[in-house]
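Asks: Below is a structure I'd like to ask you about.
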Amino acid sequence: MLTIEPPGQYRISLLHLGFRPFFLLAGAFSVVSTLLWAWLYHGGGTAPSLALSPMTWHAHEMIFGYGLAVVAGFLLTAVRNWTGVQTLNGMPLLLLALCWLGARVLGLIPHGGALAVMAVLDLGFNLALVLAVARPVARARQWGQGGVVAIPLFLALANGLFYLGALGRLPQGTQAGLYLGLYLLVLLIMVMGRRVVPFFIEKGLGENIRIRERAWLDQAIVISLALFILAEVFMSWGQAAAWLAVPVFLLQVLRLYDWHTPGIWKKPLLWSLYLAFVWIAAGFGLKAAVLIMPLNPFLATHALAYGGIGLITLSMMSRVSLGHTGRNVFEPPPILGWLFAVLVVGAVIRVLLPLGLPTHHGLWIGASQALWAVAFGGFVWIYAPMLIRPRIDGRYG
């Protein structure tokens with residue numbers, strides 16, 4: 001039995017469980033920050049002087065702002081289910097969310113001291129999240145969940161590297177922190193995807209579907225990705241990293257083969273997850289492709305970030321929010337499929353069109369920014385009432 005607080009102890013439903021404030025904040029911030037990034041990118045001459053350069057700010061906030069907000073909402077909710085121990089709620093959850101929000105606001109203040117205060121708040125949020133996830137795991141003595149605690153801890157270390165670089169304390173720390181953060185999010189997605197995607201497919205189709213499991217494949221993906229991260233981030237071995245991207249790509253393709261069944265294309269909450277992993281495979285494919293042709297490295301980065309992380313976080317937030325507000329995950333709002341499709345089109349425009357028509361690069365970036373804002377704006381419009389109001393079945397959560 002879950003050791004949850006009795007209904008009514010916290011009257012504000014938004015603070016019942018971690019997914020509520022963090023998914024709402026993540027969705028809203030995703031829209032606002034993308035529109036601001038579009039303004040900075042296309043009309044930067046009139047932009048204020050921020051603590052970070054516009055491109056550095058954009059990269060950091062999408063990884064450690066938006067990305068970590070989704071991670072926080074997901075883990076604080078999932079760990080409660082796995083361990084049976086209540087995670088942060090009420091005032092502690094509010095304080096954690098305000099810590100995250102304060103760091104985001106400070107990133108927009110054009111003052112020399114804002115960056116140091118932003119670092120304190122942001123790293124404080126990172127460490128508090130690690131403790132909030134580790135506590136129920138330790139209480140339940142589920143030591144096998146150590147990897148779930150390790151990844152937010154490593155994300156905190158990556159963010160620390162970023163700030164050491166941004167504050168002039170560690171040469172190359174900014175770039176190393178950003179790329180380490182990006183690849184750790186991809187690693188988390190791969191690890192958690194192995195847990196949930198086959199289960200979602202089997203339950204969602206209800207046709208006696210059984211997804212093939214290969215234990216060696218799961219281990220091989222994690223090991224190959226860890227080696228890639230080591231070469232790419234810490235060794236700066238560009239050629240070696242490209243070669244190490246090859247097995248990551250091939251192993252991910254094999255996993256996609258195992259996961260595929262025709263029925264997923266009838267279910268937006270399934271094909272969106274599947275296509276997210278297709279984009280992750282494409283990202284490593286583009287990383288490996290530099291062995292045979294010159295490519296803009298940001299295409300691979302955005303295949304992973306826009307197509308992979310963007311699509312899977314939008315899909316998971318949509319599904320988790322339905323299930324944990326008492327709604328039927330098998331009957332999602334009809335518009336969801338269109339929002340996922342908008343994001344897929346945006347990824348195609350951001351990653352693939354520059355390959356064929358590089359002279360219109362600015363146009364492709366602008367179009368992909370607009371489509372991202374539309375997709376996540378639609379999420380906020382649909383889900384904000386669900387996240388703010390009580391569960392429709394009257395339960396606490």
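The values are calculated or read from the model by the stated rules, or taken from the named source; none is laboratory data. Because the structure is a prediction, the values reported are computed rather than measured. Glycine also receives a Cβ, built like all others from the backbone with ideal geometry; neighbour counts cover every protein chain displayed.
Asks: Going through the range 310-334 one residue at a time, which ones are in a helix (DSSP H, G or I), touching a residue at least 40 places away in the same chain (Cβ under 8 Å) and farther than 15 Å from LEU371 by Cα?
Replies: Across the range 310-334, the qualifying residues are ILE312, THR313, SER315, MET316, MET317, SER318, ARG319, VAL320, SER321, LEU322.
Asks: Next question. Within the range 87-120, which residues are at pLDDT 90 or above, under 25 Å from LEU164 (Cβ atoms) and not hydrophobic (A, V, I, L, M, F, W, C)?
Replies: Within the range 87-120, GLY102, ARG104, GLY107 qualify.
One line per residue, one yes/no per condition, for (1) basic (Lys, Arg); (2) crowded, with 16+ Cβ neighbours inside 10 Å; (3) outside any helix (DSSP H, G or I):
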residue: LYS203; (1), (2), (3): yes, no, no
residue: ASN208; (1), (2), (3): no, no, yes
residue: ALA245; (1), (2), (3): no, yes, no
residue: ASP258; (1), (2), (3): no, no, no
residue: TYR274; (1), (2), (3): no, yes, no
residue: ILE280; (1), (2), (3): no, yes, no
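Asks: Going through the range 225-273 one residue at a time, which ones are touching a residue at least 12 places away in the same chain (Cβ under 8 Å) and among the basic types (Lys, Arg)?
Replies: Result: ARG255, LYS267.
Asks: Hey, among the residues in the range 105-118 that are in contact with a Leu (Cβ under 7 Å, 6 or more places away or on another chain) and under 18 Å from SER53 (Cβ atoms), which one's surrounded by the most Cβ atoms within 10 Å (Cβ to Cβ)?
Replies: Among those residues, the one meeting the criterion is MET118.
Asks: Something else about it: Somewhere in the range 67-86, is a residue assigned to a helix (DSSP H, G or I), over 30 Å from GLY394 (Cα atoms) and either modelled with pLDDT of 95 or more or touching a His at 6+ places or on another chain (Cβ under 8 Å) (or both)?
Replies: yes
Asks: Among the numbered criteria (1) without any contact (Cβ under 8 Å) to a residue 60 or more places away in the chain; (2) surrounded by fewer than 17 Cβ atoms within 10 Å (Cβ to Cβ); (3) in a helix (DSSP H, G or I), which single criterion is violated by MET91?
Replies: For MET91, the failing item is (1).
Asks: Condition (residue is over 28 Å from PHE379 (Cα atoms), of a type in the set (Ser, Thr, Tyr) and modelled with pLDDT under 90) applied to the range 28-43: is it met by at least one residue?
Replies: no
Asks: Could you check the range 196-222 and list, in sequence order, the residues that are more than 25 Å from THR77 (Cβ to Cβ) and either under 21 Å from the mean Cα position of the chain (by Cα) or polar (S, T, N, Q) (or both)?
Replies: Those that are more than 25 Å from THR77 (Cβ to Cβ) and either under 21 Å from the mean Cα position of the chain (by Cα) or polar (S, T, N, Q) (or both): ASN208, GLN219.
Asks: If you scan the range 162-181, which residues turn out to be under 19 Å from the mean Cα position of the chain (by Cα) and buried (at least 22 other Cβ atoms within 10 Å of the Cβ)?
Replies: Within the range 162-181, PHE162, GLY177, LEU178, LEU180, GLY181 meet the criteria.
Asks: It is to be established whether one or more residues within the range 121-141 are touching a His at 6+ places or on another chain (Cβ under 8 Å), surrounded by 15 or more Cβ atoms within 10 Å (Cβ to Cβ) and of a type in the set (A, V, I, L, M, F, W, C).
Replies: No, there is no match, as no residue in the range 121-141 is touching a His at 6+ places or on another chain (Cβ under 8 Å), surrounded by 15 or more Cβ atoms within 10 Å (Cβ to Cβ) and of a type in the set (A, V, I, L, M, F, W, C).
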